[in-house]
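The values are calculated or read from the model by the stated rules, or taken from the named source; none is laboratory data. Everything numeric here is computed off the predicted structure, so don't read it as measured data. So basically every Cβ, Gly included, is an ideal-geometry build from the backbone, and we count neighbours across all protein chains shown. For the accessible areas, the whole protein counts, side chains as well, though only heavy atoms, and no ligand, DNA or RNA atoms are used. Shrake-Rupley method; radii C 1.70, N 1.55, O 1.52, S 1.80 Å.
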Amino acid sequence: MRTDNVEYTTFSGWIDPPSDILPPLTEDLTCDVAVIGGGMGGMATALRLAERGQDVVLLEAEFCGYGSSSRNAGQVAGAPGGDLRLLSLFSGKKMPGMVRLAENSARFVEDLITTHDIDCDYEPNGMVFGAVSRGQMFRVRTLAKILHRAGGHGKVGTSEELGIPRGFVGGMREGEGGMLNPGKLARGVRRALLSSNARVFERTKVTDVTRDHGQVVISTPRSDVRANKVVLATNAYSGEWDVTPKRLSVPMWIIEVETEPIEPGRLDELGWDSRSGIVTQHQIMENYRLTSRNTIVLGVRRLERGKTFPLPAKAPDPELVEELASAFATRFPSLADVAMERAWGGWIAITSSWLSIAGEIDGNIYYSIACNGHGLAQAPYVGSLIADLIVDGSRHEDLEGIWASAPKFPPFMMMGPLGLRTIWAVDRFNDLVNGSRRRARRRTAPTT
Ligand SMILES: Cc1cc2nc3c(=O)[nH]c(=O)nc-3n(C[C@H](O)[C@H](O)[C@H](O)COP(=O)(O)OP(=O)(O)OC[C@H]3O[C@@H](n4cnc5c(N)ncnc54)[C@H](O)[C@@H]3O)c2cc1C
């Protein structure tokens, strides 16, 4: 495992920043709807509003696609994020709605790609809940039952049956979704947005959101925007203003690492014929996926809670990159010599229930958190539903299912540094036990 030449970046490994970043807002203006934040969520909201003839302004602190939207693993999930066992235990009634939301979100992104002719290397091959041990395989079977009971789709099988590397015991492939290059997707949606009638201002950091005579006043360093309605689409950065609901979410920092290009012949030997992206069944998952440039992107394994706003621009901690590289060598022993080439990270927002949330404050400020590290598809879909709500005045059933009737949320459990470290330690203990069981099985296996 080689990590000595890793390029650490504070943006993304998928794409460079755009060369045509738009100028900031310098004059006061008014509009009907203002969208704050230009990730997939904010861009899809503004695009939909513009397509529906609304007078919309989007304000983005850096450039559209700067946040998680260009940094994620590019796995378009077709099932809810989080631990489905806990979700079904504590939020059982919401499960069918969450499953439908996840599947419709994946289809929404596929439509977005087709409608705007976005070249983002999309492969509709369904994400796999991968098991690295027999214990995880037991968990996968339980999750599959929960998913099916809630109306979802997933095929359980061995690694051979699912066409995933033999270092995994097996898993469950989700019925919808697949994988793509998220940087290219975000760039394509940005292009569509800039061609629409929406007025977009980049390099425009909103410093406050307040109310005045029934309107919302959005302050930026040089000027103000007055809007009748506002959509907060700032994801993990949402805790910055007094107007944001308290305890809506906590920001967590997670990272991705990419290997150097690997010879196609060596990739073929893995048996990864489906090319499906994989997320392991640890409490804090590991993710693995192939890319169109013959590399493997891997990530997460540890969550680090953001402490203060504004959230800093960060590069990954080399110690965590080494830890991920070592996990990679365990899951892909035949590629243990492959070097890690680049590493990046981003901020995700986690809600206390691990469910997606959307809501409204006093009739004219809309917010959503969609959803807990699985928002690549859900954030834009929910954003488009909020746009439709603003135009039509009624909520789609998928929005209804995640709607918070009052902007009040319970405290977070196990999300402090000690709780997160404990969860990480449980995962590592299970890995150790599974490693020694695997070695013992190999020792006692009959030789031919
Ligand atoms: C490393 C990583 C891996 C992930 N992997 C996956 C995956 O494989 N599949 C999946 O479904 N999801 C994944 N996610 C989660 C997914 O990327 C997010 O849920 C989704 O991109 C959220 O989109 P968004 O538009 O809500 O937020 P963001 O893309 O974060 O956009 C928020 C925007 O708001 C802007 N902003 C913030 N504050 C202000 C301000 N004050 N004024 C103006 N603008 C502001 C930011 O600059 C940013 O551009 C991953 C995330 C990360 C970080």
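Shown for the chain: the carbon plus sulfur share of the solvent-accessible area, taken with all protein chains present and a 1.4 angstrom probe, equals 51%.
If you take the Cα centroid of the stretch 341-378 and the Cα centroid of the stretch 110-181, the two points sit 22 Å apart. Only lysines eight or more places from Lys94 in sequence, or on another chain, were considered; those with a Cα closer than 17 Å are Lys145. The base-10 log of I(q)/I(0) for the stretch 7-400, evaluated at q = 0.13, 0.15 Å⁻¹, reads -1.04, -1.37 [Debye formula, identical scatterers on Cα atoms, solvent excluded]. When we measure straight from the Cα of Lys408, which aspartates and glutamates land under 19 angstrom away, once same-chain ones fewer than 8 places off are left out? Those aspartates and glutamates meeting the cut-off are Glu240, Asp242, Glu360, Asp362, Glu400. Rounded to the nearest 20 debye, the dipole size of the chain about its Cα centre is 2000 debye, using +1 on the Cβ of Lys and Arg and -1 on the Cβ of Asp and Glu. Placing unit charges on the Cβ atoms of the charged side chains and taking the dipole of the stretch 7-400 about its Cα centre, the candidate lying farthest along the positive direction among Ile164, Ile255, Pro124 is Ile164. The peptide list 68-78, 146-156, put in order of mean Cβ contacts within 10 Å with the highest first, becomes 68-78, 146-156. In this structure, the amide hydrogen of Val200, modeled 1.01 Å from its nitrogen in the peptide plane, lies closer than 5 angstrom to those of Leu58, counting only residues at least 5 positions away or on a different chain.
Projecting the Cα positions of Thr244, Thr204, Leu335 onto the charge dipole of the stretch 7-400 (unit charges on Cβ atoms of Lys, Arg, Asp and Glu, taken about the Cα centre) puts Thr244 furthest along the positive direction. For the stretch 37-109 versus the stretch 291-336, the spacing of their alpha-carbon centroids is 23 Å. Remark on Leu311: its backbone amide H falls under 5 Å from none of the residues 5 or more positions apart or on other chains, H modelled at 1.01 Å from N.
Only beta bridges with both residues in the chain are counted; by DSSP, about 65 percent of them are antiparallel. Membrane-span-like helices in the chain, defined purely by DSSP H runs whose alpha carbon atoms cover 24 Å or more axially and whose average Kyte-Doolittle hydropathy reaches 0.5, are 375-392. Entry comment: accessible area of the stretch 7-400 is 37 Å² per residue, from protein heavy atoms only and a probe of 1.4 Å.
In the chain, taking the dipole from charged Cβ atoms about the Cα centre, the farthest positive-side position among Gly401, Asn235, Met413 is held by Met413.
Of the Cα atoms belonging to the stretch 79-217, the radius of gyration and Dmax stand at 19.8, 64 Å.
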